[in-house]
Amino acid sequence: MRKAALAVGGTAMALGALAATAAPAAAVGGCPAGKLCLYESANYKSLALTSTSTKACFLLAGSPGYMNDIGSYVNNLPVNAAVWEWKVGSRYVLVGTIGPGKFSSDAGEGFGEYGAVCMGGLNPNEYFG
């Protein structure tokens, strides 16, 4: 009985060691932990904007990659990323939220068109006002 218990205990320890050394899952879209990644095209192509900030607003058209809208996204931040669109003759209008840990390989046509992305509850109408 004692030999059987030792064998089971040894097997459990060996399996535990294997689990501890398993490689972490690959980052979705190549977006590292602790970052928001916005891509100009679907399927995580043409990375246009990354941010580690949890309280900031970014104009999509003003991003380094100059994107008109969001083709795909990955949110590895611990906060929501609010997506706003510019409506001619008005102001920025909230059109969606990308929650923590959320991602999409196809955000849909015109998501965030000529808009902004804000974290930390900021509003682009006030932030850029």
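The values are calculated or read from the model by the stated rules, or taken from the named source; none is laboratory data. In this text, all values refer to a predicted model and were calculated from it rather than measured experimentally. Every residue, glycine as well, gets a Cβ built from its backbone with ideal geometry; the counts of neighbours run over all protein chains shown.
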**Study point:** Residues that are under 13 Å from Leu36 (Cβ atoms) and small (Gly, Ala, Ser), drawn from the range 93-102
**Key:** Gly99, Gly101
Check your understanding: Can you name the number of the only condition in (1) at pLDDT 95 or above; (2) surrounded by fewer than 18 Cβ atoms within 10 Å (Cβ to Cβ) that Cys31 fails?
Key -> (2)
Practice item. Check off (1) touching a strand residue (DSSP E or B) at 6+ places or on another chain (Cβ under 8 Å); (2) without any contact (Cβ under 8 Å) to a residue 40 or more places away in the chain; (3) on the phi > 0 side of the Ramachandran plot for Gly89 and give me the number that stays unchecked. Key: (1)
Check your understanding: Which of the residues that make up the range 108-120 are surrounded by fewer than 17 Cβ atoms within 10 Å (Cβ to Cβ) and touching a residue at least 40 places away in the same chain (Cβ under 8 Å)?
Key -> Glu109, Gly110, Gly120
Study note, to complete from the structure: Only one of Ser72, Ser105 is under 22 Å from Pro32 (Cα atoms) and buried (at least 18 other Cβ atoms within 10 Å of the Cβ), namely Ser72
